[in-house]
Amino acid sequence: MWRAAAIAVAALMLAAPLLALHTQASGASGAWARLQGDILYLGNDFATIEINLSRGASIALERVLGDVILNCTRGANAGFHLDFYTSQSALESSKYSPLATGKWKAVVVENTSRKVVVRLEPAPSTAREIAPLKVEVYIEITDYTPFAAYNVTLYNPSTSPISLYARSPGGVWRGIKVYYGTCLTVARHWEFTAAYGALESPSVYTLRASNRTVRSQMLPVNGTFIGAAILHLSNASTPLTIGFITGDSISYYSSTINPVGPVTIEAYTALATLEPGQRYTALYKAALTPFNPALLLSTDVWRLAYALYPGLFTSEYVHESNYYKTVSRLNASIAKLNASLASYKSSYKKCLEENSKLKSRNGELEELFNTCRVNLNIAKNDAAKYKRIVDRYALRVGVFTTLGIIVGVAGGYIFAAARASSAPLGGRRRRR
């Protein structure tokens with residue numbers, strides 16, 4: 001038991017670098033949902049799921065870590081389905097409930113990077129065989145699980161009890177039947193396996209394909225049941241692909257296997273009647289996934305996978321742990337590069353801000369320069385004007401100066417002559 005616990009802890013440690021690696025490789029991050037016509041797209045960093053709402057809300061395509069795990073785009077029903085009636089006569093006359101083959105409506109009620117929740121409701125034509133019962137299915141996908149979980153709610157709005165009917169092997173009527181299957185186009189050999197007892201040495205029941213279609217026994221779930229019903233490829237040396245159904249209200253399991261091709265896992269809930277006003281909710285998980293310890297841990301099927309293939313599970317764990325050590329080192333390098341990039345982005349932002357300031361300052365300086373240039377031209381014009389005025393006045397001053405000199409000389413001469421003519425005649429003689 002301690003070995004299984006240690007592997008569980010180790011697988012938890014593997015999940016983080018696996019998520020980081022795929023996030024970096026795919027460029028995506030977190031859970032998401034998109035509605036496009038009759039197709040509902042769900043996904044996260046691990047998986048992408050396409051659900052055909054016009055065909056029983058079946059899974060048309062499923063990719064896990066980029067690899068196509070399920071491809072049923074040509075019309076075959078696959079994936080998770082509900083299959084029950086509220087009328088015994090309708091059950092006896094039909095192979096599948098309209099819930100498994102009819103139209104559904106989808107509304108995205110929560111869409112964040114951590115979790116996506118989509119509400120599915122059967123169209124009126126799909127719900128006719130279960131009237132007046134109301135059915136809602138909530139599909140949930142988180143950012144770290146490679147599959148979708150189905151939360152099924154049944155509600156009796158009437159004033160009378162409603163009985164539930166679903167056919168199981170041997171013609172026994174069970175309350176609710178859910179199944180997960182591959183499509184007709186998948187030409188592979190499958191096995192169905194269940195395990196009971198102690199984890200270290202479980203009792204294993206296996207149904208293998210033969211030259212005809214075969215059904216497994218009805219396997220009751222009890223306290224010694226290790227894990228979910230599981231199927232895997234039998235024509236491969238290792239179980240490359242694992243399919244499963246788990247749930248908190250499953251009472252029995254069975255499986256149908258064809259010689260080559262589709263395979264289904266059926267799970268039954270022994271709920272016979274819904275009383276007036278009663279609401280019943282059940283949680284189911286169903287998917288196909290690669291045989292990968294980290295992925296299997298997130299599916300709750302790792303205990304069964306380890307019990308069935310302990311050597312393979314351990315060797316895959318060792319291989320992945322060595323691989324993810326390298327990935328961790330690469331992640332550390334990437335983190336440093338991202339830090340450097342953030343620093344460069346910060347410096348670049350500062351340069352842009354400084355450049356913006358310089359551009360603004362340059363604009364101010366250009367405006368000032370243009371103003372100065374205009375003022376300079378005005379000053380030049382004024383200077384030229386004043387120079388012309390000065391030149392004119394300078395000419396006038398020169399003229400008047402010359403005239404003054406002439407007038408002054410002439411005046412002096414006239415004055416001197418006047419003085420000479422007015423002097424006494426004998427004056428000079430007397431001095432002699």
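The values are calculated or read from the model by the stated rules, or taken from the named source; none is laboratory data. Keep in mind that what you see is a predicted model, and the values were worked out from it rather than measured. Every residue, glycine as well, gets a Cβ built from its backbone with ideal geometry; the counts of neighbours run over all protein chains shown. To get the accessible areas, we keep the full protein, side chains included, count just its heavy atoms, and leave off ligands, DNA and RNA. Shrake-Rupley method; radii C 1.70, N 1.55, O 1.52, S 1.80 Å.
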Restricting the stretch 153-179 to residues that are part of a strand (DSSP E or B) and among the small types (Gly, Ala, Ser), the residue that is surrounded by the fewest Cβ atoms within 10 Å (Cβ to Cβ): Ser163
Count - residues of the stretch 53-83 that are assigned to a strand (DSSP E or B), touching a Cys at 6+ places or on another chain (Cβ under 8 Å) and either crowded, with 19+ Cβ neighbours inside 10 Å or modelled with pLDDT of 85 or more (or both): 6
Matching option when the condition is under 29 Å from the mean Cα position of the chain (by Cα) and modelled with pLDDT under 80, among Leu297, Leu233: Leu297
Residue match in the stretch 276-287 (condition: in a loop (DSSP other than H, G, I, E, B), touching a residue at least 24 places away in the same chain (Cβ under 8 Å) and hydrophobic (A, V, I, L, M, F, W, C)): no
Cβ-Cβ under 7 Å pairs, at least 6 apart or on other chains, the stretch 260-271 side of a type in the set (A, V, I, L, M, F, W, C), far side open to solvent by 30 Å² or more (accessible area, probe 1.4 Å) and part of a strand (DSSP E or B): Ala267/Gly247; Ala270/Arg174; Leu271/Tyr280
Given (1) open to solvent by less than 30 Å² (accessible area, probe 1.4 Å); (2) closer than 14 Å to Val178 by Cα; (3) at pLDDT 80 or above, number of the condition Leu288 does not satisfy: (2)
Unique residue being within 24 Å of Val172 (Cβ to Cβ), at pLDDT 80 or above, hydroxyl-bearing (Ser, Thr, Tyr) and loosely packed, with under 15 Cβ neighbours inside 10 Å when the list is Thr213, Thr246, Thr224: Thr213
Among residues of the stretch 250-275, those that are open to solvent by less than 10 Å² (accessible area, probe 1.4 Å) and outside any strand (DSSP E or B), counted: 1
Strands (runs of 3 or more DSSP E) contained in the stretch 84-152 and holding at least 2 residues open to solvent by 60 Å² or more (accessible area, probe 1.4 Å) and farther than 21 Å from Ile176 by Cα: 104-111
Residues located in the stretch 199-210, provided they are within 11 Å of Leu304 (Cα to Cα) and open to solvent by less than 60 Å² (accessible area, probe 1.4 Å): Leu199, Pro202
